[in-house]
Every structure is written in C-alpha cells, then in structure tokens.
Amino acid sequence: DGGRALEEPVMSPAALRPGKEGIMAICSKLGMSCIAPRRKINVMVVGNHSAGKSSYINWYVGEHVQTTAVAIETSGFTFCTSGKKRDTLKGQATLQLFQHLRHELKPFTPGIYDGLMTEVSTSKERCFNLVTFIDTPGLVDGSFHYPFPVEDIIVSMAKHADLIYIFFDPIGQALCDRTMNVIERLNQQHSTRMRYFLSKADTVPSERDRQKVVVQITQNLSSRIKNKHAFELPCLYIPDQTAKPPRIDNAIDRTCDEIASTIHQNVQHSLDKLEEDASAVADTISALLAADAQAAAHNRRAASYGYALFFLSLQPLLLAAAYVLHRIQPTPVLRARELAPQMYSVAIAAGEALVAQVPAGAPPSETGHPAEASSALAPGTGSPELAAAAPAGGPLSLPQFLAGAAAAFLLLQLASRYFRRYRPQYSSREVSGLRATRVYVTGEVLEQKRRLYQLYLEQCSSGVS
C-alpha cells in the first residue's frame, strides 16, 4: 500500500493499448513519473524525546507495536501499518513496501537503511486498516548523535503525510531547538496539515501549571509558524481504564475523528488526482504529437533539400562522362546522340567551353599545360601556320576538368548528407496509438471519474433531505 511510484519511466508509445490499461501504465509508457493514489492515509507523529508518540500509536492500534520508555527508544523511523500477519520489516524491505518514498530518501542512502523499520499489525481497531503511522525519532539537543540528518528526512517524508501531529511534552524538552527547527520548516510547506497537542497532560499536577506550559509553548511558536490566528494546543493523554480520569479535556478522541475525516477526504483527493493525471496525460500526448508534427515538417524540408543536392551532384559526373565519351566517340555514344541530340549538344558545349582544345601538330609545352602551349602559339611569336593552329576552348586541361567534376560531385554529396539530417519521428502506428489514448483519457477516464464522484456523493448524502 502506501502508493507505488514508477521509477525511471521509459518512453514507449508503440506499447500503448487505449482502453485496456489504466493511467499508471499509460504514464509509464509516456515517460511520465506518476504516483498511484494511496488506499491508506499517512499520519506522521513528531515531537521531542519522551513526548508520548509511540504510546499514542500503541493506543490507536490497540496493540503494543512500539516500545515505550523514558530512555530514547525510537532512534529511527518506524512505519506502523496493517497487514495480513504480524511482521517486522527492516530498511530496504521498508522502502520496497513504501516505494513512493524512494525518491525522497535517495539522497540519504545507504545511511538511512538502518534507521527504517516497519511494524505490520493485524489490528482492526478504529480505522487502522486505512492508516499508516510514521513514528519519527525523538528529538533532543546536546551531544546525542543521529546516524542520519534527522531534520531533513522528517521534512522530506512530510511531503507524503496527510496529517502531521506535533506532540509537546510538558515535562521533557518540548522547547528544544531541534524540535522548534523541525516545526518551523514543516510549517513553511505543510501548515494546513499540522496539528499541535500538549501530550501527557495528565502528568501536570494542576491546571495553573498546565496553563503556564501552554503559554510558554505558544510564545516560542509564535515567531516560527504562519497560521497563528488558528493556533490551538489542546491537551492529550492516554486514558487509563484502571484509574480515575483527571478533570482535563482530552483531545485524543478528536484525533480519531480527524483521522476518519481525512480518510474520507482522501477519496475526494484520489478522484481529483485521477482528473489531474488524465489532463496531464492528454497535455503530454498533445505536446508529443506537436513535436512529432514539427519533426515531420523538418524531415520533409531536409529530404527535399538533400535529394535536390544529391541529384545536382550527379550533373558534374554526367557532364564529364559525356565529354570524355565524345572525345572517344564509341558507337553507343553516337546512338545516344541521335536519341537526345539537344542534351548531348549542351553537355559537349559545356565541356568544350571549359577544356582547352589542342590541335594536332601543336608543340607540347614543357609542363604539358594547354595554356602554355597557347602562349607559345600566340600571334607575333613566329610561324603564321602555328599561330593559326592555336588551341581554343577553356583554361582547363582534361585531367583538371575531370578532377574538378569529381570534387564538385563530392562537395555536393557532402552537402546532401548534411541537409538530410532527420529528426526522430513516430511511426503511423505510434501516432494512431497516441491519438486514441488521448481520446480515451479525455473521454472514458473522465466519465468514469464523474460516475465515481456521483456515487460517492450519493453515499455521503443518503438519508439527507
């Protein structure tokens, strides 16, 4: 019980089965961290050493599940919960049972393991089957050393507490600094869930002394809590069936009524959380589909630019191949010229514009470059016959032309690969599953929440005109 947390959820939209699984499974497959509603409420009891915390829990449970003594007995955190058989669980088994605390207590591991314990009781007293008590270590000042940062852990666990009972011992160290520091930190975030009690009120000899203790505690708390206007400090003590009850108003039954009321409110909270989780799932799916649509648009642009550059990169190779084959003039090329004379003429004209044409009988240059041969055959340099045979065309030699065509092909291929960088995109099956899941959580799940709420209200108002 206590709630189950999905640790490290993994995104797997393809595994969605709309209408065949609950919100928890959907959240897990969408990569959302989600905590299931708890069947039981958590009641945390905080106070100084020997404030009567364990005695109160034993009284409520109707069984001696916690050790009580004047010495410091509770030096760790003890969870008291109901179960099918009496058992005691140690540190890691406790975290396995209350998995919703794993995230909160992770910064304090492994030192916290020795400070965790669970007492499982079969008691059916009061509403114990729907309550989990968290008995915190008795807080003391001085040289007493805790094996873990007790104040930080109390504040972390309080996030999952539905009620926080603060017990002040009228004789012990009710006003110790550590207790006041914890109360101040808890009050900053959980003031509406905190209740204050003067425990062991029957041990104070007179009403006048009790009033003095209440005034001292109230004065010390006034500068540390926010809700001063609604502050109450009722007296509380464990009733003794064998002795005559003292003339003191005992608020212990009020705590039971408040626990019962909180259990009913937990039903409302669970139904409200169902709607919140359904809305969160719908918003997450909408965000995923919007991101997928953006990725699809980006991929379409990338494909169009990339393939355009890819086909453009083939042009230099085709041009070079056509020109070389024209120089060789094999029979298949002559036939191709007849099939596409215009394209063939364009390719040959481009090649002749780029490659220098050296006529037969022209003297080769010392380096073999056509431009040098051209300068040797320039007008005014000698023989008119050789000047008439000067090369025509472009400034490149045939090897340079081929190398340039290859370089252009490689550069355009690289540019094509650069533009064809695709973003991850969902398959059509995954998109269909996401859309169907969104319809399911915004339709059937919310309708189910409405029906359950109506049933709950009918049960609450039955017999009321």
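None of the figures in this text is laboratory data; all of them are computed from the coordinates on show. Being a predicted model, the structure only gives us computed values, none of them experimental. With ideal geometry, Cβ positions are generated from the backbone for all residues, glycine too; neighbour counts draw on all protein chains shown.
The figures follow:
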quantity	calculated
Computed FRET value (nearest 0.05) for SER261 with ALA295, which takes r as the C-beta separation and R₀ as 45 Å	0.35
Under the Karplus curve 6.51 cos²θ - 1.76 cosθ + 1.60, θ = phi - 60°, whole-Hz ³J(HN,Hα) for segment 54-59, x wherever Gly or Pro sits	5, 5, 5, 5, 4, 5
Stretch gain in nm, segment GLN96-GLU232, where the contour uses 0.36 nm per residue and the Cα spacing is subtracted	45.3 nm
Förster-model FRET efficiency, 25 Å R0, ARG224 and THR67, C-beta, rounded to 0.05	0.25
Partners for LYS212 among lysines (Cα-Cα distance below 17 Å; same-chain residues under 8 apart left out)	LYS200
Rule-of-thumb Rg ratio for segment 73-232 [Cα; 2.2 N^0.38 Å; N residues]	1.12
Dimensions (Å) - segment 97-154, Cα atoms, principal axes, largest first	40, 27, 16
Spin-label pair LEU317/TYR456, simplified geometry with 7 Å Cα→Cβ offset, distance in nm	6.8 nm
Peptides 183-194, 56-67 ordered by average Cβ neighbours within 10 Å, highest first	56-67, 183-194
Segment ALA287-VAL324, length gained on full extension (0.36 nm per residue, minus Cα span)	7.7 nm
J(HN,Hα) series, segment 122-128, from Karplus relation 6.51 cos²θ - 1.76 cosθ + 1.60, nearest Hz, glycine and proline x	9, 4, 10, 5, 6, 10, 4
Sequence ranges 13-21, 130-138, 451-459, 78-86, ranked by mean other-Cβ count within 10 angstrom, highest first	130-138, 78-86, 13-21, 451-459
GLY138 long-range amide H proximity, modeled H, under 5 Å	THR74
Candidate aspartates and glutamates - alpha carbon under 14 Å from LYS90, same-chain residues fewer than 8 apart omitted	ASP114, GLU119
Whichever lysines have a C-alpha closer than 28 Å to that of LYS84, once near sequence neighbours (fewer than 8 apart) are set aside	LYS40, LYS53, LYS124, LYS159
Percent RCO, i.e. relative contact order, over segment 12-130, from Cα pairs under 8 Å lying at least 6 residues apart	27 percent
